[in-house]
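Written below as structure tokens is the structure these notes are about.
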Amino acid sequence: MMDAAFRDYLIERCRLRGISLHRLALLCDLNQIYFYQAVNKNKDNPPPWVLRRAAPHLGVGYAELLVAAGYLTEDDIREFAAGRPLGSIA
């Protein structure tokens, strides 16, 4: 089920960019019904490929969206930036 915090985050990012969720779906070349249901009908968080399409239209980086949606953690980003494989023991 879509995390309420992520839903709120997505709606706020759209508001800040001056676009509706419907417009975001169009910009991302997504089925508007799928996207509406994903956001408003408590479907699962959008998959990473959808977030990759949405990131530039929301004015955020892809990694930020992955963190907001729960696919990555801030620690994952730090480990990657440090050149360590994700989940490795230092």
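The values are calculated or read from the model by the stated rules, or taken from the named source; none is laboratory data. On a predicted model such as this, the values are computed, not experimentally measured, just so you know. Methodologically, a virtual Cβ is constructed for each residue, glycine included, from the backbone with ideal geometry; neighbour enumeration extends over all protein chains shown.
Just to be sure I understand the filter: pairs with C-beta atoms under 8 Å, separated by 6 or more residues or on different chains, first member in the range 1-22 and closer than 16 Å to Ala55 by Cα, second member among the β-branched types (Val, Ile, Thr) and surrounded by fewer than 17 Cβ atoms within 10 Å (Cβ to Cβ). Which pairs pass?
Leu21/Ile11
Using the structure shown, decide if Tyr62 is in contact with a Pro (Cβ under 7 Å, 6 or more places away or on another chain), surrounded by 13 or more Cβ atoms within 10 Å (Cβ to Cβ) and at pLDDT 85 or above.
It is false that Tyr62 is in contact with a Pro (Cβ under 7 Å, 6 or more places away or on another chain), surrounded by 13 or more Cβ atoms within 10 Å (Cβ to Cβ) and at pLDDT 85 or above.
For the range 28-45, which residues satisfy the criterion of being touching a residue at least 24 places away in the same chain (Cβ under 8 Å) and crowded, with 17+ Cβ neighbours inside 10 Å?
Cys28, Ala38, Val39, Asn45
Quick test for you: out of Arg7, Arg17, Arg23, Arg53, pick the one residue that is surrounded by 14 or more Cβ atoms within 10 Å (Cβ to Cβ), among the basic types (Lys, Arg), within 12 Å of the chain's Cα centre (by Cα) and at pLDDT 90 or above.
Arg53
A quick yes/no check of all residues on (1) aromatic (Phe, Trp, Tyr); (2) in contact with a helix residue (DSSP H, G or I) (Cβ under 8 Å, 6 or more places away or on another chain):
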{"site": "Leu10", "(1), (2)": "no, yes"}
{"site": "Arg13", "(1), (2)": "no, yes"}
{"site": "Arg17", "(1), (2)": "no, yes"}
{"site": "Asn31", "(1), (2)": "no, yes"}
{"site": "Phe35", "(1), (2)": "yes, yes"}
{"site": "Asp44", "(1), (2)": "no, yes"}
{"site": "Arg52", "(1), (2)": "no, yes"}
{"site": "Pro56", "(1), (2)": "no, no"}
{"site": "Gly59", "(1), (2)": "no, yes"}
